[in-house]
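Working notes, beginning with the structure itself.
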Amino acid sequence: MAVVTFVVKLNLVHYFHVMIRPSLTSSQPCKRTQCLNVETTTESTRDVVVTLSYPARPRSTPPPPAQHLHMFSLARATTPLNRIASRALTDLSAHGNVLGGQNITPAALKTFEVWHTGVTKVMKGEPTGGLKDMMKDHVADKVKFYPPTYFNHWEGKDEFIILIGCVSEVFGKSFVYDRQFVSDDGKDWCLEFEADIEGDPKSRVQGVDLVRLDDEGKIVEFKVYCRPPNGVGALKDAMMKRVPIPMAAMKAKKALGF
């Protein structure tokens, strides 16, 4: 008899059903060679020591194809809840209709909260400078911003802050998020929004913000998609009235070493 011993880490179950079977070949039928139940040896580490045995083959016979291990839970339904090792899931419902993000990282959660706090202040009519100041520590130095009005992108934290401030002025109190989709770890966002351009309901836009964060929770990419075309055109005109002057001033300061 050949014997194989290995260790399995368990999180939610205490018993496994283990089966070993050879790979399927044209000359070798599939059959179950061993079936056994095992249980955890300790509750602290939830380690499982599994011993498998199957008939030894004569040395003259070529070895079978690689064995496949299949494990199925037997006692998930009967495991007491107080013995299940799982961490609490994050609830983002305080920030609107948010789907996902149950295992959001602390850094990503902080950026998500700061972003929504700033947006809420803008919606209440507070100065947009507050949003710019709040976001400085949550934006990467080489962040890329892709506007909906042309193909090229802006790069840099200062450029991003200026653009976010200007678009906040254009949308103002009319801006609202609808559905928000967040990846499990919170590093990718898809935020659906609606807003009027400079308070004009006739130029209302619908769109999504596609946001990507790095491991430190800082925004590294921000893409904005909008519809309909007349609303996007109005947005471009409104931004062109606001962006050039602060952008030129920022670049002048950098050129002078400020």
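The values are calculated or read from the model by the stated rules, or taken from the named source; none is laboratory data. A quick note: this is a predicted structure, and the numbers were derived from the prediction, not measured. Virtual Cβ from ideal backbone geometry, glycine too; neighbours counted across all protein chains shown.
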Residue list for segment 117-145, restricted to those being at pLDDT 75 or above, assigned to a helix (DSSP H, G or I) and basic (Lys, Arg): 121, 136
Sole exception among (1) closer than 13 Å to residue 223 by Cα; (2) surrounded by 14 or more Cβ atoms within 10 Å (Cβ to Cβ); (3) at pLDDT below 95 for residue 151, by number: (2)
Members of segment 95-130 found to be under 17 Å from the mean Cα position of the chain (by Cα) and among the hydroxyl-bearing types (Ser, Thr, Tyr), listed by number: 105, 111
Selection status of residue 160, assigned by TED's automatic domain parsing to the domain that holds residue 122 and in contact with a Cys (Cβ under 6 Å, 6 or more places away or on another chain): no
Check on residue 187, out of contact with any His (no Cβ under 7 Å at 6 or more places or on another chain) and either polar (S, T, N, Q) or assigned by TED's automatic domain parsing to the domain that holds residue 97 (or both): yes
